[in-house]
Every structure is written in C-alpha cells, then in structure tokens.
1. Could you state, as a whole-number percent, how many of the C-alpha pairs of segment B:1-50 are farther apart than 13 Å?
2. Between A:N67 and B:L115, what is the label-to-label distance in nm when each label sits 7 Å out along the Cα-to-Cβ direction?
3. As a check on your grasp of the helix formula, calculate [θ] at 222 nm for the protein assembly as shown: sum -39500 (n - 2.57) over DSSP H runs of n ≥ 4, divide by the residue count, round to the nearest 500.
4. Could you go through segment A:68-85 in sequence order and give the Karplus-derived ³J(HN,Hα) for each residue, using 6.51 cos²θ - 1.76 cosθ + 1.60 with θ = phi - 60°, rounded to whole Hz, and x for Gly and Pro?
5. If amide H atoms are built 1.01 Å from N in the plane of the peptide, which residues on other chains or at least 5 residues away come under 5 Å of the amide H of A:Q70?
6. Could you list which residues have their amide H under 5 Å from that of A:I58, counting only those 5 or more apart in sequence or on another chain, with H placed in the peptide plane?
7. Using alpha carbons only, how many degrees (0 to 90, rounded to 10) separate the axis of helix A:42-54 from the longest principal axis of chain A?
8. Enumerate by residue number the GluC sites (Glu not before Pro) in segment A:1-95 meeting two conditions: DSSP loop (anything except H, G, I, E, B), and at most 12 other Cβ atoms within 10 Å of the site's Cβ.
Amino acid sequence: MSEFKDLDPILHSQLRLAVISLLVSVKEAEFTFLREKTSSTAGNLSVQLQKLKEAGYIEITKQFKDNYPQTMCRITKNGIRAFEEYVKNLSEYLNLGK
Amino acid sequence: MEKDQLSGTDSIRIIEQMIGRAKEEEIDNGIGWVIWGWMLFLASIINYVMIVMDAPNKYIIWNIFGIAALVFVVYSMFVKQFFTTPKKPRVKTYTNELVNRMGIAFFISLLVMVLGNYLSGANQTGVNFGYLLLLYGFWMYIHGSAFRFNLLKAGAYVNWAGALIIFLWYQELGKNILLVHAACVALGYIIPGHIAQRRFGMANRPIDNSTEL
C-alpha cells in the first residue's frame, strides 16, 4: 500500500498542517499567535506561511497597529477546500489501515 | 526543504491539538459583566435606599446610570471590547465576532426599552424591571452557550425567574422590585463575571511549549 499517496503535500507537513488547522478555526490570526500556538521559530514559520500563501491556501496582510508592524493571516476558500479534502483522504487512509 | 514523516495518527493529533488551542481563545474575560453588573446593582440599591429614606429626586440615580451606561456601551463598542477581549496575541474568532454583534443588539434593545418606558410613562409600576430581567437572561444564555460558560447560563435562569416573580407580584412587591432586580444582577452578572475573570487569568498563562513543531 502506498502511504499518503493522495494526501496534499502542501498540507502534509507538521507546521503547515498545524497552521491550517489553527486558521480553519478562527477568522484571522496574528503571526505571533501562530508562532505561540505552534511553538515554532519565527524563521521557520515565515517560510511555511509563504508556501501556504503561494499555494493560495492563506492570505497574508501586513499592517501597522500602534506603530508596530502586524502580520495577519487568514485562510482562503481554497485553503478550506484543501483542508477538507486532506481530512477526508486521511480518514479514508486510516479506515483502510484498520 | 523539510521531509516530514507524518503518520496518519500524527496528522490527526496535530489537527486536534491545534483546533483545541484555537478554542482556548474563545474565553470570556468577565470584565464587562463585572462593570455592568456592579453599575446595575448599585443603581438599584441606591434607588431603594432613597425611596426608603423618602429622599428628594429618588430616581435621579437612573439618570446618572443612563449616562454612565451610554459611555460604557460606546466605549466597549468602539474602543475596547469588554465582553470578549481575546487573549494576546491577537486573534479574531467567529464566536467573538458573533457575540460582539449580539452585545450591540442587546444594548440597542435595552436603550429602546428604557427610552420607550420613560417617554410613554409606562414605567410607573416597576413591572418594566421584569422586562429588563428577561432581556438580561436572553443575553446571558446565548453568551454563556457560545463561551461554554454554564454559570452564565444559570444566571439566565435566575433572571428569568426574577422576571416571573416581578410579573406575578409586582403590586405586592412595590419598591422591593428593586431588591429582586439587584439580587438577580448579583447572581446573574457579578458572581459569574468575577469567576470568568479568574478563569481568564488562569487561561492567560503561557502555554506548554513542550511539543516543538
């Protein structure tokens, strides 16, 4: 059996999956929120966010709040669809494994 | 490029863990309930004492309360979200947004009810306090359900019971309606508010970062 053949490679990564799972639960979240919740480093998180953005799964907006830069992330419709598909394929795989 | 060797159970664990962590943000800080509750409680008690003492301008406290309430509501709508302040760092949840809008709807309904009573002169019997308790209960029940805060839901039942008592016995109760109102506010707003504040403080501690991703 070929493991995870049908799983989206963009989402099938610990940090990217964690980020998408967080963003699917909230409306939008600040970069620091994602960093705290995923216990990741800023550098690694930035790289993974960029990959999710390039895949069209998230939107990133940079703004200033109280003179401090603020990076906000939000899941897109494509991202929600991809996450749903990932969960569906994952549950199918897990059922096959039983 | 990282090569993640994720198993199916790893993926499920990550998804569950992150959704759980996001839910931690949907927590009531209790400050709004405490401020609003104490304002209502003090206004009721002061009004009651002034009636007992037969003081002049017995009801002036409600004028002061009205101005203070308006300032509080406008401030909480446009400056600081007292009723659903998310923990730092910033995140917007769908629950917070919905509950904030419901809070606005509550205050508009309250304002219309109080103004309507005042302008029409229909507030002579004190029965309008029953309608106010009904409205408080409505807000508490939905807010408590959204934030999975059962004490607030229990407060809603107390307020609905208080409303029923006022509707059934408003003539016998007379000025004691104010005490019923104050008791319902204390049980429905103030006590759950202080408990929510404590719960929020505990939840606001740094999270366990033992799972490095």
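Every number here is computed from the coordinates shown, using simple stated rules; none is lab data. The shown structure was predicted, so the numbers you read here are calculated from the model rather than taken from an experiment. A quick note on method: Cβ atoms are made from the backbone with ideal geometry, for glycine too, and the neighbour counts reach across all protein chains shown.
1. Working: 905 of 1225 pairs.
More than 13 Å apart: 74 percent of the Cα pairs in segment B:1-50.
2. Simple spin-label model gives 4.0 nm for this pair.
3. One gets -21500 deg cm²/dmol as the mean residue ellipticity at 222 nm.
4. In residue order, the calculated couplings are 10, x, 9, 10, 10, 10, 9, 6, 9, 4, 4, x, 5, 4, 5, 5, 4, 5 Hz.
5. Placed amide hydrogens put A:Q63, A:F64, A:K65 under 5 Å from A:Q70.
6. Answer set, sorted by chain and number: A:K53, A:T76.
7. Taking the Cα atoms of chain A, the angle to A:42-54 is about 70 degrees.
8. Sparse-neighbourhood loop GluC sites (Glu not before Pro): A:E3.
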